[in-house]
Amino acid sequence: QVQLVESGGGLVQAGGSLRLSCSASGRTFSYLTMGWFRQAPGKEREFVAAIRLSGTYYADSVKERFTISRDNAKNTVYLQMNSLNPEDTAVYFCSAGPWEIVYWRRLDYDYWGQGTQVTVSS
């Protein structure tokens, strides 16, 4: 069992930055695939970024702007978001799954946080 708690969302102007954090507990954190997904109103939850031992992975829409990282000593994964634009407005969810999953496939993840709202004003 893994418990995930996100923090760091909020309201920011276009061009600004935010850093999301996801604190994990319950299983050996360093061996998990950790992902960030987002869901805008009326849209499906979509992949944003993932990290695991083999590397980091990003959706095309956030490449060069977002950075995912993890601190295994703190059981925490981060999402640094720069150059935000209104299209990034969504609820952002942290997720965890086994190391071998297809990292962009939502249904492969076993555990989810409650989500944190990110709103980017124009």
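The values are calculated or read from the model by the stated rules, or taken from the named source; none is laboratory data. All values reported here derive from a predicted model rather than from experimental measurement. Reconstructed Cβ throughout: ideal geometry from the backbone, glycine too, with neighbour counts over all protein chains shown. Side chains included, ligands, DNA and RNA excluded: accessible areas come from the protein's heavy atoms. Shrake-Rupley method; radii C 1.70, N 1.55, O 1.52, S 1.80 Å.
Take Tyr57 and tell me if it is more than 29 Å from Ser122 (Cβ to Cβ) and of a type in the set (Ser, Thr, Tyr). In short, no. Here Tyr109 passes the criteria (1) out of contact with any helix residue (DSSP H, G or I) (no Cβ under 8 Å at 6 or more places or on another chain); (2) open to solvent by 50 Å² or more (accessible area, probe 1.4 Å) except the one numbered (2). Working only within the range 5-60, note down all residues that are open to solvent by 20 Å² or more (accessible area, probe 1.4 Å) and basic (Lys, Arg). Answer for the range 5-60, where residues must be open to solvent by 20 Å² or more (accessible area, probe 1.4 Å) and basic (Lys, Arg): Arg19, Arg27, Lys43, Arg45, Arg52. When the range 68-94 is filtered for residues that are under 14 Å from Tyr58 (Cβ atoms) and small (Gly, Ala, Ser), the ones remaining, listed by number, are Ser69, Ser83. Could you go through the range 73-86 and let me know if any residue there is free of Cβ contacts under 8 Å to residues at least 24 places away in the same chain, surrounded by fewer than 14 Cβ atoms within 10 Å (Cβ to Cβ) and on the phi > 0 side of the Ramachandran plot. No - not one qualifying residue is present in the range 73-86.
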